[in-house]
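Worksheet: the structure to be examined is printed underneath.
The values are calculated or read from the model by the stated rules, or taken from the named source; none is laboratory data. Note that this is a predicted model, so its numbers are computed, not measured. A quick note on method: Cβ atoms are made from the backbone with ideal geometry, for glycine too, and the neighbour counts reach across all protein chains shown. The protein model used for the area step is the full one, side chains on, heavy atoms only, and it has no ligands, DNA or RNA in it. Shrake-Rupley method; radii C 1.70, N 1.55, O 1.52, S 1.80 Å.
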Amino acid sequence: MAGTARPLFSAAAIWRVADLLRGGVAPAEYGPVILAFTMLRRLELSRARPARGLDAMARAADPLACLDRLIGRLPASVRDITAQLEVMPLARRLARAGMLGTVAAHFAALDLSPTRYGTEAMARLFEELVHHFATSHRTGAHFTPPEVTDLMVDLVFAPDGPGAHHALYDPAAGTGALLGRAADRLLARGITVDLFGQEISPRACALCRADMLLRGRAPGRVACGDTLAHDGHAGRRFARMLSNPPFGLDWRHIRDAIQAEHATGDAGRFAPGLPRVADGSMLFMLHLVAHMRGRRAGGARIGVVTHGAALSGGGAESGESAIRRYLVEHGLIDTIIALPTDLFVNTGIATYVWILDNDRPAARRDRVRLVDATGLWRRATSGSGEKRREMTQAHIAAVVQACMADTAMDIIQCAGPDGAPASWQVLAHEIPTPDDATDRRRIAFSRILPGREFLYHSLTVTRPARDGAPARTTFRVGMEHDPQAWFSRMVQPYDPEARLDAARTGMGCAISFARYFSHDAAPRPLAEIAAELRQSMARLVALMPGGDEGERA
């Protein structure tokens with residue numbers, strides 16, 4: 001089995017073929033060519049009696065016809081992958097440019113045999129190539145930051161020990177990077193998984209299937225198509241699920257299909273509610289919940305990444321609020337983690353990891369844990385491209401520690417020169433600050449809250465019309481208040497003409513981290529403030545007539 005350095009070296013060697021492709025195909029097609037030929041070379045060397053198809057292509061008078069015969073001898077599942085990668089159309093363009101034989105010769109010279117690269121090493125190599133291709137052309141939407149994958153894996157599989165085996169599913173699988181990294185991390189813990197997925201992009205799906213193939217997995221378990229419109233795994237239930245669905249997904253083009261399924265109620269996936277058509281990311285949340293293995297069969301756990309709108313977007317009567325309310329009232333939300341900003345390539349938006357569980361202990365079923373991990377980061381290394389921040393394994397361990405505790409947790413941080421924590425210590429909220437940590441900042445890290453705290457009454461108060469329509473004001477009021485009693489106490493004494501519009505009274509659900517976690521800057525030392533004031537006063541004196549003389553006096 002090769003060490004970790006070998007795949008990196010081979011990736012560089014494989015990418016040198018880009019020099020051969022210039023002028024033959026467009027730069028955007030370098031990736032598909034390289035990935036397709038890498039797969040073909042690996043497959044021919046994986047046979048009991050290794051084939052020499054690419055070598056024959058390199059020497060053939062008609063390399064295109066030779067490639068056509070080579071692909072025709074492949075298993076049907078592999079032929080499907082080559083068709084999705086558009087191998088033959090690309091090869092025809094290379095052949096017209098007189099480059100096909102040269103490219104075949106380059107790959108025929110690479111040793112990608114299983115004796116040099118085992119299944120795991122080859123999978124890592126292929127993943128690196130896919131990532132290089134995507135980030136080179138700013139198509140990083142398919143990629144989840146590796147540390148986010150690691151965090152979700154550790155939390156979703158927290159109940160599992162060595163020897164455990166589960167089906168793992170990702171309904172927005174992209175090129176398979178998330179599933180692949182998850183499988184590798186779990187294998188190191190002695191946990192095995194069967195991988196399932198679905199992907200809407202034919203090319204990304206082909207890459208995901210190729211990755212599964214090179215891992216010795218069944219590529220047919222990755223369905224191709226729109227997950228929301230056509231569920232490729234309908235009827236199947238999963239014990240473990242991980243996903244980073246697209247943010248801001250516009251679903252108006254499949255609105256009829258989604259609304260029709262919503263109308264079927266509990267027989268479909270979207271009964272709790274429909275979000276606005278401009279952002280269907282929460283439809284993936286409902287899709288995942290619909291695929292959870294039942295409690296009698298052992299239950300299921302989900303890790304899913306969302307943006308901030310999933311926590312509080314939309315009013316009380318919106319589909320987003322209805323979905324959140326469904327999750328809260330059914331006790332499905334175990335934990336929500338606020339991640340540092342700038343973890344994702346080319347975007348700095350706030351992101352969150354939700355951990356859903358339908359088989360929690362009865363004592364925890366109505367509780368939700370919030371973890372504020374926004375302060376756990378470091379500057380991304382120089383090789384991270386457009387990614388500005390990253391989380392280390394130590395950061396991940398601190399988050400997991402807070403998520404596994406039965407009590408609220410705080411964190412004591414010592415800030416470094418760039419704002420990232422130079423050191424930190426996680427401890428229970430009720431434990432006093434250690435004597436040697438008085439010069440460091442202690443802030444809330446996790447809080448365990450009744451799910452009912454996220455529900456609220458939406459109350460509409462109207463006033464008589466004055467030269468137009470009646471004036472309406474909407475209030476959010478906690479569930480501990482009776483609407484009429486609250487209105488009688490808080491509004492009516494101060495505005496006798498106001499009326500509570502009972503017809504517009506509703507119930508909403510919103511989750512706010514700001515309510516429980518403070519991000520106020522730590523107080524500055526008095527000596528530092530005094531020195532700054534003296535400097536400011538000196539500058540003011542210098543601006544006055546004769547200021548220099550007065551300053552010297």
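Please state the charge dipole magnitude for segment 337-467, taken about the Cα centre, from unit charges on C-beta atoms (+1 on K and R, -1 on D and E), reported in debye and rounded to the nearest 20.
380 debye
Please get the size of the charge dipole for segment 388-538, origin at its Cα centre, with Cβ charges of +1 on Lys and Arg and -1 on Asp and Glu, quoted in debye to the nearest 20. Mind showing how you got there, number by number?
Numbers: 17 positive and 18 negative charges, 123 e Å.
Using only the charged Cβ atoms, the result is roughly 600 debye.
For segment 409-453 and segment 313-337, write down the distance between their C-alpha centroids in whole Å.
28 Å
Using a 1.4 angstrom probe, figure out how much accessible area segment 141-255 has per residue, in square angstrom, rounded to the nearest whole. Could you put the intermediate results ahead of the total?
Details: 3780 Å² over 115 residues.
Averaged over the residues of segment 141-255, the accessible area is 33 Å².
Using a probe radius of 1.4 Å on heavy atoms only, what accessible surface per residue do you get for segment 428-512? Whole Å² is fine.
Dividing the accessible area of segment 428-512 by its residue count gives 60 Å².
Please report, to two decimal places, log10 I(q)/I(0) for segment 396-488 at q = 0.13, 0.22, 0.23 Å⁻¹ as given by the Debye formula with identical point scatterers on the Cα atoms and no solvent.
Per q value, in the given order, log10 I(q)/I(0) is -0.67, -1.07, -1.12.
Quick check: at a probe of 1.4 Å, how many percent of the accessible area of the chain sits on carbon and sulfur atoms? Intermediate results must be reported in sequence, preceding the final value.
On the way: 13610 of 25540 Å².
Ligands and nucleic acids excluded, carbon and sulfur reach 53 percent.
So the label point goes 7 Å from the Cα of D266 along Cα→C-beta, right? Which residues of segment 299-341 then have their backbone N under 20 Å from it?
It comes to 299-300, 322-333, nothing else.
Please name whichever of S488, A76, Q259 sits farthest to the positive end of the charge dipole of the chain, dipole taken about the Cα centre and charges placed at Cβ: Lys and Arg +1, Asp and Glu -1.
Highest projection toward the positive end goes to A76.
Under 4 °C and 1.567 mPa s, how fast does the chain diffuse according to Stokes-Einstein, given a Kirkwood radius computed over C-alpha pairs? Answer in µm²/s, whole number.
Numbers: Rh = 27.0 Å.
Reported coefficient: 48 µm²/s.
Viscosity 0.890 mPa s, temperature 25 °C: what is the translational diffusion coefficient of segment 55-135 from Stokes-Einstein with a Kirkwood Rh over Cα pairs, rounded to a whole number of µm²/s?
Diffusion coefficient, whole number: 174 µm²/s.
State, as an integer percentage, the relative contact order of segment 332-454 based on alpha-carbon contacts under 8 Å between residues 6 or more apart.
26 percent
Given contacts defined as C-alpha pairs under 8 Å and at least six residues apart, what's the relative contact order of the chain, whole-number percent? Intermediate results must be reported in sequence, preceding the final value.
Values: 919 pairs, mean separation 51.1, N = 553.
This gives 9 percent for the chain.
Ordering D418, D256, D467 from largest to smallest accessible area (1.4 angstrom probe), what's the sequence?
Output order, biggest surface exposure first: D467, D256, D418.
Could you tally the net charge around R185, taking each other residue with its Cβ under 9 Å from the Cβ of R185, Lys/Arg +1 and Asp/Glu -1? Before the final figure, lay out each step's value.
Details: positive: R181, R189; negative: D150, D154, D184.
Net charge in that neighbourhood comes out at -1.
For the full complex of protein chains and a 1.4 angstrom probe, list F445, F344 by accessible area with the highest value first.
Largest accessible area first, the list is F344, F445.
Indicate the helices, whole DSSP H runs only, in the chain that combine a mean Kyte-Doolittle hydropathy of -1.0 or more with a Cα extent along their long axis of 24 angstrom or more.
Length and hydropathy pass: 119-136, 526-543.
Given a 1.4 angstrom probe, what's the average accessible area per residue across segment 308-374, in square angstrom?
Numbers: 2110 Å² over 67 residues.
I get 32 Å² per residue for segment 308-374.
Could you pull out every residue, at least 5 positions away or on a different chain, whose amide H is within less than 5 Å of the one on M479? Hs are placed 1.01 Å off N in the peptide plane, and Pro or chain starts have none.
Here the answer is H457, since their amide H atoms fall under 5 Å of that of M479.
Please name whichever of L178, V156, A104 sits farthest to the positive end of the charge dipole of segment 97-213, dipole taken about the Cα centre and charges placed at Cβ: Lys and Arg +1, Asp and Glu -1.
My answer, from the dipole projection, is A104.
Output needed: Cys residues of the chain lacking any neighbouring Cys C-beta below 4.7 Å, sorted by number.
Flagged as lacking a Cys partner: C66, C208, C403, C414, C509.
Kindly provide the helix-only [θ] at 222 nm of the chain, computed as the sum of -39,500 (n - 2.57) over DSSP H runs of four or more divided by all residues, to the nearest 500 deg cm²/dmol?
-11000 deg cm²/dmol
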